[in-house]
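**Student:** Could you have a look at this structure, given as structure tokens, before my questions?
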There are 2 protein chains.
Amino acid sequence: MSHPHPELGPPPKLPEGGLRVTPLGGLGEIGRNMTVLEYGGRLLIVDCGVLFPEEEQPGIDLILPDFSSIRDRLDDIEGIVLTHGHEDHIGGVPYLLREKPDIPLIGSKLTLALLEAKLQEHRIRPYTLQVKEGHRERIGPFDCEFVSVNHSIPDALAVAVRTPAGMVVHTGDFKMDQLPLDGRLTDLRAFARLGEEGIDLLLSDSTNAEVPGFVAPEREISGVLRQVFARAEKRIIVASFASHVHRIQQIVDAAHEHGRRIAFVGRSMVRNMGIARDLGYLRVPAGLVVDVKTLDDLPDHEVVLVCTGSQGEPMAALSRMANRDHQIRIVEGDTVILASSLIPGNENAVYRVINGLTRWGANVVHKGNAKVHVSGHASAGELLYFYNICQPRNLMPVHGEWRHLRANAELGAMTGVPAERIVIAEDGVAVDLVDGKAKIAGKVQAGYVYVDGLSVGDVTESSLKDRRILGDEGFISVLLVVDTSTGKIVSGPSIHSRGSGIEDSDFATVIPKINEVLARSAQDGVVEAHQLQQLVRRTVGKWVSDTYRRRPMIMPVVMEV
Amino acid sequence: MSHPHPELGPPPKLPEGGLRVTPLGGLGEIGRNMTVLEYGGRLLIVDCGVLFPEEEQPGIDLILPDFSSIRDRLDDIEGIVLTHGHEDHIGGVPYLLREKPDIPLIGSKLTLALLEAKLQEHRIRPYTLQVKEGHRERIGPFDCEFVSVNHSIPDALAVAVRTPAGMVVHTGDFKMDQLPLDGRLTDLRAFARLGEEGIDLLLSDSTNAEVPGFVAPEREISGVLRQVFARAEKRIIVASFASHVHRIQQIVDAAHEHGRRIAFVGRSMVRNMGIARDLGYLRVPAGLVVDVKTLDDLPDHEVVLVCTGSQGEPMAALSRMANRDHQIRIVEGDTVILASSLIPGNENAVYRVINGLTRWGANVVHKGNAKVHVSGHASAGELLYFYNICQPRNLMPVHGEWRHLRANAELGAMTGVPAERIVIAEDGVAVDLVDGKAKIAGKVQAGYVYVDGLSVGDVTESSLKDRRILGDEGFISVLLVVDTSTGKIVSGPSIHSRGSGIEDSDFATVIPKINEVLARSAQDGVVEAHQLQQLVRRTVGKWVSDTYRRRPMIMPVVMEV
């Protein structure tokens, strides 16, 4: 298996007749999926998603792929294929379209509907091409065939891209539920046919490659939901993802069977379920869905609320219910179901919500104590089937952290893909398919681009480093007004601190030290503000470290009069 | 089941002949376990541990129980019973002994040895009473019997405390491994005898009450370790907890079988394994353990390194290896085993380490892909056995978040403890055992006490709130020197920012606004520094919000000349 060398340089010009695949996101992380295909000077993009920040990126709203490697080639882009409607696949599109609004968007009906609703909020009206499984479309030099795949959102597609350099298949996100709720299977017959023709390079979802065995069918959840509904004596509140139409369908069905009405709560849930209903992806018996405002007129045992917040998001309805900060007041006997995954990193937030709800007397059903969630990504057992059917000539795991990519590569090797034909790449690594062999060619810029408030890219790693120090230790500001002609203090030092845990009055003991140091430096003729600031920083820093064993940020400012 | 009312007042004086149980930590959280028993005006403390901070407590080193409810009664304390040597049970002792160094410490041989090593670092020489299972000791009015329990550290004890008010049994942390590595079982025959006599109040470990079934025996891990050792061709690096003597014993045994030597890495690992060896808890064949410095002389396939860092702690050896920031450089083919739990909240840090190690070519074996860890706490199946054997007259779940306490209470109810005899308490809630019935009596202060650097309690919730704002948004400081006689600006505004993502040069657009506002206020005769600061804060805050949609902390300082 080939790995990128840590000090890989920029890739050379793509050889004539070759195809280049450059992931700009999704390799080395779960999220911001984006892959650029290049052939004959033209580009095709597959997905353009966002990554949600972790603790290491404090205060950040979203993380985008870095578009800088394609910024001067926007006119070469033939289109963006969107494999499905999840945020980590479509969430970056508004930001790319800001740079060129007329790039065509290609996707299935539901995917485009969800994306268009999002673009409307950004006041962008896109050019779109709606496709479905079985369709074949020529997009510039890229001959694209779309194949149905099963995932945790309806209408997901894989795409097979034929060029004279060979055929590249990108799975998007997928699993292989053999009893899907909507009957729409991952089309293994189509993949078998593509395999017979010859898949030169397979880009395949790695998210669950470490997980042994097979994902249980989505429909198994309905039995668990039925049991919970049968036992519930008061209200039922379900939290799930606003895009998980099949999960919500099962809640709708359970509510209908048990004589309950449903109200959707929260902007994204209401919007997406409206779209899914209008387009026929969510089937709701007449009169079953009611407005949340009318719930007070119903007895508790006839109520189901469906909301977001299953990841413990502090502003979502569920967190606010847990904190008694929402019009819906949890009482003894309410049942709350978290019908969703628990995304790593959200554990503390989610457990805080579960504890809060439990404290008010709710019976909380979640992944940890009942089978109310199945994953949307193929596990190791499914991937083995998939590789044996596709028999790709080259394999490049996508969508995963390093541990997932490597586990996926090993599955490919077990099914007989030759080790030298397996490429573990990472964000920015250009992989060239030349003469039927995939090889790492170099690396382009692919760092994190941060969205914070209105701006994109203003907040840099250095700001985040400052935030981490400030967040851990707080700061101390030391202000002095100095007469530059003499170096003598005219006013100050005035010392203020936030977050350091040191009271302003405690600084009385360091002020004489500062005065002493500056008096000495004035004698020595040091009068330059920058030098004085350094002296102050050192003096205060040493005092804090000796006295408190802490390291707050120290901000000395010497003003001159 | 009784729950504490959110607005519970302080408890009344304990009725004559009654026993009061007040948890000061460990109920509502996993950690800082501490319970105060009171009878006849005298106090007995069971455990005094620390809690490790989460994301919500940035920059904090440790969280202690709040001692304020016992601070003016230190002379009433007969002793502190330590159930076992984990940090969340003994880590707070040095801080309590700082307030009164001669409180006797009661515990088993290993527990006291680990605690004394810790106290030595704090330069405290304690008074101790070493006990073991089967011992019965009168400690003031408290007649204590010690019972062996099995846990993830050797030599753990439960304690049965007899007073004229009745018998209280505190399990400490325990599970019921029926094939323990050292043959030392949770002594169900002793618990049966206590149950026959009559357990008036049982305080029982809730950590795993939500987990169905039974914990697998610790010794099952050895089979998995053997397989990993058999396959490993180069070095093996094992990360585990520095106190998990039985886990390390199995690694020692596997290394011995496979002709490898072991080096312990890291201060706590070296210290604790030294203690465990000296006291006979860890059995090591002569010559097997070598100094880490001599490893270079051995071929890779004869090396095992045992270190800490299994929770992704950034300064621990394992994280530094993952970042190539450690003398041990991970290379293709090294095997790394994380033989430990993954404590909720540490997922991102641990996966970051696994990804880093994988990227350098290591084969990483962890809980997620192999059975290299079993829990130290009884699961639901074990707790049912335990309650059926003890048949307590009153039950009070301890050691857990709300969700765990409630799940444990439900297990008790299933085995026949009457619902009105089950008390779900939380930190600070005083539970009185009077006339054989346990009842919530009131609530004492039991908030978090933060250790940050050298100080205890200086850093308050308000400092943490500032840190969270600073960490998410950064700050902007605005400095002005004003002539107080006229209200006119003599120097400034000088604006500096860190962490806001706004460049200092971008403030050029807000400076005229500040000047304008202050010129107007000078005309109106507003010259007081505090009022001017408010004006500056409002002006800059509105500008930042309008321009960037962000909310950094704004620190205006007006100095007067």
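**Student:** So B:Thr539 fits all but one of (1) modelled with pLDDT of 90 or more; (2) within 14 Å of chain A (Cβ to nearest Cβ); what number is the exception?
**Tutor:** With respect to (1) modelled with pLDDT of 90 or more; (2) within 14 Å of chain A (Cβ to nearest Cβ), B:Thr539 is out only on (2).
**Student:** Separate question: Going by the conditions given, is B:Gly492 surrounded by 18 or more Cβ atoms within 10 Å (Cβ to Cβ), over 30 Å from B:Glu560 (Cβ atoms) and at the interface with another protein chain (Cβ under 9 Å from one of its Cβ atoms)?
**Tutor:** Spelling it out, it is not the case that B:Gly492 is surrounded by 18 or more Cβ atoms within 10 Å (Cβ to Cβ), over 30 Å from B:Glu560 (Cβ atoms) and at the interface with another protein chain (Cβ under 9 Å from one of its Cβ atoms).
**Student:** Please indicate, with yes or no, whether at least one residue in segment B:300-314 is surrounded by fewer than 16 Cβ atoms within 10 Å (Cβ to Cβ), out of contact with any Gly (no Cβ under 9 Å at 6 or more places or on another chain) and in the same structural domain as B:Glu233 (by TED's automatic domain parsing).
**Tutor:** Yes, segment B:300-314 contains a residue that is surrounded by fewer than 16 Cβ atoms within 10 Å (Cβ to Cβ), out of contact with any Gly (no Cβ under 9 Å at 6 or more places or on another chain) and in the same structural domain as B:Glu233 (by TED's automatic domain parsing).
**Student:** Quick check, is A:Val526 within 10 Å of another protein chain (Cβ to nearest Cβ) and touching a residue at least 12 places away in the same chain (Cβ under 8 Å)?
**Tutor:** Criteria not met by A:Val526.
**Student:** If B:Glu257 meets every condition in (1) under 25 Å from the mean Cα position of the chain (by Cα); (2) assigned by TED's automatic domain parsing to the domain that holds B:Val304 apart from one, which number is that one?
**Tutor:** (1)
**Student:** Would you point out which residue out of A:Gly195, A:Gly266 is modelled with pLDDT under 95 and either surrounded by 18 or more Cβ atoms within 10 Å (Cβ to Cβ) or not assigned by TED's automatic domain parsing to the domain that holds A:Lys175 (or both)?
**Tutor:** A:Gly266
**Student:** Just checking, which of A:Asn388, A:Asn369, A:Asn355 is in contact with a Ser or Thr (Cβ under 6 Å, 6 or more places away or on another chain), of a type outside the set (Gly, Ala, Ser) and without any contact (Cβ under 8 Å) to a residue 60 or more places away in the chain?
**Tutor:** The match here is A:Asn388.
**Student:** Just one of A:Gly25, A:Gly40, A:Gly49 is of a type in the set (Gly, Ala, Ser) and surrounded by fewer than 20 Cβ atoms within 10 Å (Cβ to Cβ); which is it?
**Tutor:** None of the others qualify; the one that does is A:Gly40.
**Student:** Scan segment B:377-388 residue by residue and report those that are hydrophobic (A, V, I, L, M, F, W, C) and more than 14 Å from chain A (Cβ to nearest Cβ).
**Tutor:** Answer for segment B:377-388, where residues must be hydrophobic (A, V, I, L, M, F, W, C) and more than 14 Å from chain A (Cβ to nearest Cβ): B:Ala378, B:Leu383, B:Leu384, B:Phe386.
**Student:** Quickly run through segment B:320-346 and pick out the residues that are surrounded by fewer than 17 Cβ atoms within 10 Å (Cβ to Cβ) and in contact with a strand residue (DSSP E or B) (Cβ under 8 Å, 6 or more places away or on another chain).
**Tutor:** B:Gly333
**Student:** Continuing with the same structure: When B:Val417 is evaluated against the numbered criteria (1) assigned to a helix (DSSP H, G or I); (2) in the same structural domain as B:Gly85 (by TED's automatic domain parsing), which criterion, by number, is the only one it fails?
**Tutor:** The failed condition is (1).
**Student:** Please work out if A:Val374 is β-branched (Val, Ile, Thr) and within 14 Å of chain B (Cβ to nearest Cβ).
**Tutor:** Criteria not met by A:Val374.
**Student:** Is there a residue being within 14 Å of another protein chain (Cβ to nearest Cβ) and modelled with pLDDT under 95 anywhere in segment B:292-307?
**Tutor:** Looking for residues that are within 14 Å of another protein chain (Cβ to nearest Cβ) and modelled with pLDDT under 95, one finds none in segment B:292-307, hence no.
**Student:** Quick one: which of A:Ser521, A:Ser505, A:Ser462 is without any contact (Cβ under 8 Å) to a residue 24 or more places away in the chain, among the polar types (S, T, N, Q) and away from every other protein chain (no Cβ under 12 Å)?
**Tutor:** Residue meeting the stated conditions: A:Ser505.
**Student:** Are any of the residues in segment A:471-484 more than 7 Å from every other protein chain (Cβ to nearest Cβ), over 29 Å from B:Arg467 (Cβ atoms) and either of a type in the set (S, T, N, Q) or loosely packed, with under 15 Cβ neighbours inside 10 Å (or both)?
**Tutor:** Within segment A:471-484, one or more residues are more than 7 Å from every other protein chain (Cβ to nearest Cβ), over 29 Å from B:Arg467 (Cβ atoms) and either of a type in the set (S, T, N, Q) or loosely packed, with under 15 Cβ neighbours inside 10 Å (or both).
**Student:** Let me ask something additional. Output the residues belonging to segment A:427-473 that are among the charged types (D, E, K, R) and at pLDDT 95 or above.
**Tutor:** A:Asp427, A:Asp432, A:Asp435, A:Lys437, A:Lys439, A:Lys443
**Student:** Separate question: Please give the number of the condition B:Asn33 fails out of (1) surrounded by fewer than 23 Cβ atoms within 10 Å (Cβ to Cβ); (2) in contact with a Cys (Cβ under 9 Å, 6 or more places away or on another chain).
**Tutor:** Result: B:Asn33 fails condition (1) only.
**Student:** Tally the residues that are among the aromatic types (Phe, Trp, Tyr) and part of a loop (DSSP other than H, G, I, E, B), restricting the search to segment B:366-390.
**Tutor:** So the count comes out to 0.
**Student:** Suppose we filter A:Phe142, A:Phe146, A:Phe174 for residues that are over 30 Å from A:Ser341 (Cβ atoms) and either among the small types (Gly, Ala, Ser) or at pLDDT 95 or above (or both); which single one remains?
**Tutor:** Residue meeting the stated conditions: A:Phe142.
**Student:** I would also like to ask the following. Just one of (1) away from chain B (no Cβ under 14 Å); (2) of a type in the set (Gly, Ala, Ser); (3) in a loop (DSSP other than H, G, I, E, B) trips up A:Ala113, so point out which.
**Tutor:** (3)
**Student:** Anything in segment B:326-365 that is away from chain A (no Cβ under 11 Å), not in a loop (DSSP other than H, G, I, E, B) and not polar (S, T, N, Q)? List them, or say none.
**Tutor:** Scanning segment B:326-365 gives B:Val336, B:Ile337, B:Leu338, B:Val365.
**Student:** Does segment B:92-108 contain any residue that is over 19 Å from the mean Cα position of the chain (by Cα), in contact (Cβ under 8 Å) with a residue 40 or more places away in the chain, crowded, with 24+ Cβ neighbours inside 10 Å and more than 19 Å from B:Thr22 (Cβ to Cβ)?
**Tutor:** yes
**Student:** Is at least one residue of segment A:546-558 away from chain B (no Cβ under 11 Å) and in contact with a strand residue (DSSP E or B) (Cβ under 6 Å, 6 or more places away or on another chain)?
**Tutor:** No - not one qualifying residue is present in segment A:546-558.
**Student:** Now a separate question. Listed residues B:Ala232, B:Ala254, B:Ala317; which is buried (at least 16 other Cβ atoms within 10 Å of the Cβ), touching a residue at least 24 places away in the same chain (Cβ under 8 Å) and in contact with a helix residue (DSSP H, G or I) (Cβ under 7 Å, 6 or more places away or on another chain)?
**Tutor:** B:Ala254
**Student:** I would also like to ask the following. Could you say whether any residue in segment B:125-139 is over 27 Å from B:Arg283 (Cα atoms), touching a strand residue (DSSP E or B) at 6+ places or on another chain (Cβ under 8 Å), modelled with pLDDT of 95 or more and among the small types (Gly, Ala, Ser)?
**Tutor:** Scanning segment B:125-139 turns up no residue that is over 27 Å from B:Arg283 (Cα atoms), touching a strand residue (DSSP E or B) at 6+ places or on another chain (Cβ under 8 Å), modelled with pLDDT of 95 or more and among the small types (Gly, Ala, Ser).
**Student:** Somewhere in segment A:439-450, is a residue in contact with a helix residue (DSSP H, G or I) (Cβ under 9 Å, 6 or more places away or on another chain), hydrophobic (A, V, I, L, M, F, W, C) and facing chain B (nearest Cβ under 9 Å)?
**Tutor:** no
The values are calculated or read from the model by the stated rules, or taken from the named source; none is laboratory data. Here the structure is a predicted model, which means the values were calculated and not measured. All Cβ positions, glycine included, derive from the backbone under ideal geometry; neighbour counts span all protein chains shown.
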